[in-house]
Amino acid sequence: MVLHLKITVSDVLNREMFEKAIVIAGENGLNRLIKWVHVMEVTQIGNLLNGNELILSTGMAWKNDEAAFLSLVQELIEHNVSGLCIELGTHLKEVPAKVMDLADKHGFPIIVFQEEVRFIDITQDLHTYLIQQHFQMISELEAFSQELNRLLLGSDPQALILNHLHETVKSQVIFKCSQQKELCVPVLQEQEKNELFHRIKSNKEEGKQIRQPIQALDHQLAELILFSENRPFTELDVLLADRTATALANQLLREMYAAEKRRAEENSWMQEWLEGRHREDEIEKHLSLLGMKGKHQGAAVFCVELQQWEAGLSENQYPYIQIIVRSAFEPLGFYILPYSKREQLIFIMINLKEKPTMKERLLQGIRQARQNQKLPAVHMTAGKLVSQLSGMNKSYDTAQKALRLHRKLTEGKISPLYDELHMYRLISMIRERDELHDFVNDYLQPVIDHDAKYQTRLLKTLKFYLMCNGSKQETAGHLFIVRQTLYHRIKQLEDLLGSDFMQPGKRQAIEFAAMAHEYLELE
């Protein structure tokens, strides 16, 4: 397939209408691209032009004003106009030397007709030619897309697609993917490749390159780069790169989907692991066979559960959720093994970086995953961080406990990490709700009844007073009340709970009862 570039000034000069035209200045700019032809008889451009126009004029607006002529040409150059065609004789006898010098300096073509010409015939001819070129571009783009679809069915679609793009655009093609070494078509020696990457990274070759991100599920999976020394890239080249990027995204997504399905086949072994039925040496050997590199620094079980689960429909979303989780956590230093069961996706997060930052990185990964617009409404929790991989059953059990709490409590109320649930861990251990209610009533019922009867806020005051470790000034600040009002409320609490309610043993029980009351209220 032969590519047709948008027409240049040089192409126009080969048209029949320009048979007697002469280029008197700016010959170095004959390769300028033309997107439209425009007749203009003004001395100031303003916002009349978009760039890449070929201007036709008789010069009547500045025939006796060399300064205005010079200013106009300067404006045309600044507006990225492709060239200026002037009909000499009727209004303008010649083009001043200063104007030609300016045009030569900037490679701005000035073309003259030495006899009367019909601008209407020129615009009709060139506009027809431009429309034909545009139609040809669309046809070639469609043929290119159809070939990409055919190549996607081949045995090595990635290589076939990159080679097809190179053969079409006749430029260097580079494919950069985080999961593999960059591919260059044609192949470059290591030194050549490093030099080219340095030039591309420095952005000094902006007009000689096209950089097209390859995205899927709101994440950039790779990047496609086109580089050419010989010619400027055209709009068609950009469209070809875009279509290629879409095809490569489909191919990468298909590979990732297939990889996730293969991983799902390991569910049986993973289930035994989560049940604590594998020894440490068996686990490490299995991970080595899977290709994990590096020594682990602990691990944790990460659970994802759809908030609205529907059989079939929800399961179809699992591969996409897995891809989102991988793209969020793998760059943070986790080797991830997925395991799915009916209403949950379970990930074993093996930490390959420094252990002290593991908790922080888990939270960062959860935040990044939640920002993905393709992610459905889910609960996310991580279990206890364990040092031995054979102890993954403990992390799994605690992740499930954290998940139960997240189902009950308001989203965002508590941390997604089991290790940061603190007193809620103790509350969740109490299976009998009647016992929990009795405990709350034993310690807080007088305050609850008083608030209900007199519309007071003693329970809220009590919670802040406990949170501030008995600091009256800090408590008053949190409640936005004066200290005298706080003193009155504390006296009421002493009357209801006893003057010893801030003594260590009783205070701990009241703090626990206050949290349990909140927990029960949110159920």
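The values are calculated or read from the model by the stated rules, or taken from the named source; none is laboratory data. Just so it is clear, the model here is predicted, and its values are computed rather than measured. Don't worry about glycine lacking a Cβ; one is built from the backbone with ideal geometry, like all the others, and counts go over all protein chains shown. Note: areas computed on protein heavy atoms with side chains; ligands, DNA, RNA excluded. Shrake-Rupley method; radii C 1.70, N 1.55, O 1.52, S 1.80 Å.
Observations, loosely collected:
- Along the stretch 42-54 the Karplus relation, 6.51 cos²θ - 1.76 cosθ + 1.60 evaluated at θ = phi - 60°, assigns HN-Hα couplings of 10, 9, 10, 7, x, 10, 6, 10, 9, x, 6, 8, 9 Hz to successive residues, with x for each Gly and Pro.
- The chain: angle of helix 280-290 to the longest principal axis, Cα-based, in degrees nearest 10: 10 degrees
- Computed 3J(HN,Hα) for the stretch 64-78, one whole-Hz value per residue from the Karplus formula 6.51 cos²θ - 1.76 cosθ + 1.60 where θ = phi - 60°, is 10, 9, 4, 5, 5, 4, 5, 5, 4, 4, 4, 5, 4, 4, 5, glycine and proline marked x.
- Placed amide H near Val37: partners under 5 Å, 5+ positions off or other chain: Leu54
- Rounded to 10°, Cα long-axis angle of helix 190-201 versus longest principal axis of the chain: 90 degrees
- Between Glu280 and Leu426, full extension at 0.36 nm per residue minus the direct alpha carbon distance yields a gain of 49.6 nm.
- Residues Asp65, Asp125 ordered from highest to lowest accessible area at a 1.4 Å probe: Asp65, Asp125.
- Dipole magnitude (debye, nearest 20) for the chain, charges at Cβ of Lys, Arg, Asp, Glu: 2140 debye
- Inter-site label distance for Lys472 and Lys93 at 7 Å from Cα along Cβ, in nm: 10.3 nm
- Sequence-ordered 3J(HN,Hα) estimates for the stretch 368-385 from the Karplus curve with 6.51, -1.76 and 1.60 and θ = phi - 60° stand at 5, 5, 5, 6, 6, 5, 7, 6, x, 5, 9, 9, 10, 9, 10, x, 4, 6 Hz, glycine and proline given as x.
- Burial order of peptide ranges 455-462, 498-505 (average beta-carbon count within 10 Å, highest first): 455-462, 498-505
- For GluC sites (Glu not before Pro), the sites in the stretch 223-260 that DSSP calls loop and that have at most 13 other Cβ atoms within 10 Å are Glu229.
- Dipole of the stretch 370-423, positive direction: furthest Cα of Ala377, Leu389, Ile414, with charges on the beta-carbon: Ala377
- Listed values (1) 139; (2) 266; (3) 151, entry calculated as volume of the Cα convex hull per residue in Å³: (2)
- Averaged over residues, the count of other Cβ atoms within 10 Å places the peptides 241-248, 352-359, 299-306 in the sequence 299-306, 241-248, 352-359, highest first.
- In this simple spin-label model, placing a label point 7 Å from the Cα along the Cα-to-Cβ direction at both Ser288 and Glu27 gives a separation of 7.3 nm.
- Using 0.36 nm per residue and subtracting the Cα-Cα separation, the extra length available between Arg342 and Gln220 on full extension is 40.9 nm.
- DSSP beta bridges in the chain [antiparallel fraction, %, rounded to 5]: 75 percent
- Per-pair calculated FRET efficiency, R0 = 60 Å: Tyr129 and Gln271 via Cβ, rounded to 0.05: 0.30
- Between Gln364 and Phe119, the contour length at 0.36 nm per residue exceeds the alpha carbon distance by 81.8 nm.
- Cβ-based net charge around Leu352, under 12 Å, with every Lys or Arg adding one and every Asp or Glu removing one: +3
- Close amide H contacts of Ala25 (hydrogens built in the peptide plane, cut-off under 5 Å, sequence separation of 5 or more or a different chain): Ile110.
- The modelled label-to-label distance for the pair His488/Arg407, using points 7 Å beyond Cα in the direction of Cβ, is 4.6 nm.
- Residues Glu511 and Asp419, FRET efficiency given R0 of 22 Å [Cβ-Cβ distance, rounded to 0.05]: 0.65
- Surface accessible to a 1.4 Å probe, Glu284 within the full protein complex, Å²: 90 Å²
- Value of relative contact order over the stretch 84-193, rounded to a whole percent, pairs C-alpha under 8 Å and six or more apart: 16 percent
- The helix-only estimate of mean residue ellipticity at 222 nm for the chain, built from DSSP H runs of length n ≥ 4 each weighted as -39500 (n - 2.57), is -16000 deg cm²/dmol after division by the residue total.
- Projecting the Cα atoms of Gly294, Ile34, Gln484 onto the dipole axis of the chain, where Lys and Arg carry +1 and Asp and Glu carry -1 at the beta carbon, places Gln484 farthest toward the positive end.
- Value of relative contact order over the stretch 1-61, rounded to a whole percent, pairs C-alpha under 8 Å and six or more apart: 32 percent
- Solvent-accessible area of the chain (1.4 angstrom probe, protein heavy atoms only): carbon and sulfur portion equals 48 percent.
- Cβ-Cβ FRET estimate between Lys193 and Ala143, R0 fixed at 25 Å, reported to 0.05: 0.20
- Among 416-425, 39-48, the order from most to least packed when residues are scored by Cβ within 10 Å on average: 416-425, 39-48
- Distant-in-sequence amide H partners of Glu182 (H built 1.01 Å from N, under 5 Å): Cys177
- With all protein chains kept in place, the per residue accessible area of the chain amounts to 53 square angstrom at a probe of 1.4 angstrom.
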